[in-house]
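The values are calculated or read from the model by the stated rules, or taken from the named source; none is laboratory data. Since the structure is predicted, the reported quantities are computational estimates derived from the model, not experimental observations. In this analysis, Cβ positions are derived from the backbone assuming ideal geometry, glycine residues included, and neighbour counts consider all displayed protein chains. Only protein heavy atoms, including side chains, enter the accessible area calculation; ligands, DNA and RNA are left aside. Shrake-Rupley method; radii C 1.70, N 1.55, O 1.52, S 1.80 Å.
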Amino acid sequence: MSSRRTERLINLVICLLHTRSFLSADRIRDLVPGYDDTPSEEAFKRAFERDKEDLRDLGIPLETGTNSAFDDEPGYRIARRDYALPEITLAPDEAAAVGLAARMWSSATMGAAATRALRKLEAAGVEVSPLPEGLQPRLESSGAAFPTLAEAVHDGRLVRFNYRTGASGDTSTRTVEPWGLVWWHGRWYLVGHDRDRDGTRVFRLSRIEGTPAATGAVGAVRRPDGVDLTAVVASYDAAAPAAVARVRVRPNRGHGLRRLATQVRSDGEWDLLEVPFRDAYRLADLVLPYAADAVVDAPSDAVDAVVRRLRAVAEVAV
């Protein structure tokens, strides 16, 4: 959800919480910041209806009623007695799970919200102990793709983006009906119907170039009934063709890579490893933590994946 829309929802909740009478839609449009810039009455009604559904989806009890028998249209309010939560007490394992989930959001777009959530837990007296260094979970950086795609899935809108294939590295424009985002084996994937290829497709978010664009009307895209998104991604992952990378590793280094290797032989100051892999970028993530002690020599798509990762790190460091 965009920050602008989130702010409008918060303003709407505050307004409806601080009124005892029912507020009409027209009165809400006048009082709540964010509705005043809607270009027309129809645009306001669409935005307001969508916001009401969002509040209900979030579990916020929205009451509908009239202040008198003479009112021509219903109004809205949120009863404090229904909205207020009882005191929340987390057991140590529950607090650890919440803290772990918050720390997973290491991307810039999610980091601020996760930090605020942890501060609220600590302010409430809940102890959230840090994990040992090296065990901290991390999500891959998806740039601007994740929030844009997540909002498009929520709104049911078509998306268009430039996508880089894993095998050739070529980039093409895709037009997709997004059904959902799936976290699978340390990666985010988009599942949807690819209009250009007229079929169900899976897209790795880290291969999306630039920022996706949401197009078309809200509600135009619906996920088909009975589609298991996780199963679709699992099948895609299992069907990925296997390859073998040639990796040079310093003696007594890269033990994680050595465990995966099908063959290891010495070549002077280096050991030569043959490491099977299905995804070049996943292989790059395995190699890069060893820094200068591990170098990918072949194939070209694996070398390219390492180079792209290093360039991304260099751009962040600048």
Subset of segment 285-304, residues without any contact (Cβ under 8 Å) to a residue 40 or more places away in the chain and surrounded by 16 or more Cβ atoms within 10 Å (Cβ to Cβ), comes to 286, 303
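Conditions (1) among the hydroxyl-bearing types (Ser, Thr, Tyr); (2) in a strand (DSSP E or B); (3) modelled with pLDDT under 85; (4) touching a Gly at 6+ places or on another chain (Cβ under 8 Å), marked per residue:
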{"site": "146", "(1), (2), (3), (4)": "no, no, no, no"}
{"site": "166", "(1), (2), (3), (4)": "no, no, yes, no"}
{"site": "181", "(1), (2), (3), (4)": "no, yes, no, no"}
{"site": "193", "(1), (2), (3), (4)": "no, yes, no, yes"}
The one condition residue 77 fails out of (1) touching a Lys or Arg at 6+ places or on another chain (Cβ under 9 Å); (2) modelled with pLDDT under 90 is (2)
Within segment 4-32, the residues that are open to solvent by 80 Å² or more (accessible area, probe 1.4 Å) and under 18 Å from residue 218 (Cβ atoms) are 4
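Pick from segment 222-246 the residues that are part of a loop (DSSP other than H, G, I, E, B) and touching a strand residue (DSSP E or B) at 6+ places or on another chain (Cβ under 8 Å): which of them is most open to solvent (accessible area, probe 1.4 Å)? Lay out the reasoning, then the answer.
Keep residues of segment 222-246 that are part of a loop (DSSP other than H, G, I, E, B), which gives 222-228, 240-242.
Checking the rest, the ones that are also touching a strand residue (DSSP E or B) at 6+ places or on another chain (Cβ under 8 Å) come to 223-224, 227, 242.
Numbers: 223: 119, 224: 53, 227: 41, 242: 78 Å².
Among them, the one singled out is 223.
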Only unsatisfied item for residue 315, checking (1) surrounded by fewer than 14 Cβ atoms within 10 Å (Cβ to Cβ); (2) among the acidic types (Asp, Glu); (3) at pLDDT 90 or above, is (3)
Checked 165, 171, 215 against criteria (among the β-branched types (Val, Ile, Thr) and either touching a His at 6+ places or on another chain (Cβ under 7 Å) or open to solvent by 70 Å² or more (accessible area, probe 1.4 Å) (or both)); the one match is 171
Taking segment 265-284 and keeping residues touching a Gly at 6+ places or on another chain (Cβ under 9 Å) and open to solvent by less than 50 Å² (accessible area, probe 1.4 Å) leaves 271, 273, 279, 280, 281
- Residue within segment 284-292 that is aromatic (Phe, Trp, Tyr) and closer than 26 Å to residue 210 by Cβ present: no
For segment 37-52, the count of residues that are under 19 Å from residue 75 (Cβ atoms), open to solvent by 30 Å² or more (accessible area, probe 1.4 Å) and without any contact (Cβ under 8 Å) to a residue 40 or more places away in the chain equals 3
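Got at least one residue in segment 16-36 being aliphatic (A, V, I, L, M) and touching a residue at least 60 places away in the same chain (Cβ under 8 Å)?
First, pick out the residues of segment 16-36 that are aliphatic (A, V, I, L, M): 16-17, 23, 25, 28, 31-32.
Narrowing further to those that are touching a residue at least 60 places away in the same chain (Cβ under 8 Å): 16-17.
For segment 16-36, residues aliphatic (A, V, I, L, M) and touching a residue at least 60 places away in the same chain (Cβ under 8 Å): present.
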- Query: Is segment 247-268 home to any residue that is more than 29 Å from the chain's Cα centre (by Cα), at pLDDT 90 or above, within 26 Å of residue 170 (Cα to Cα) and assigned to a strand (DSSP E or B)?
  - Reply: yes
Those residues of segment 269-283 that are at pLDDT 90 or above and hydrophobic (A, V, I, L, M, F, W, C) come to a total of 4
Here the residues within segment 1-25 that are hydrophobic (A, V, I, L, M, F, W, C) and either in contact with a Gly (Cβ under 9 Å, 6 or more places away or on another chain) or over 14 Å from residue 76 (Cβ atoms) (or both) are 1, 9, 10, 12, 22, 23, 25
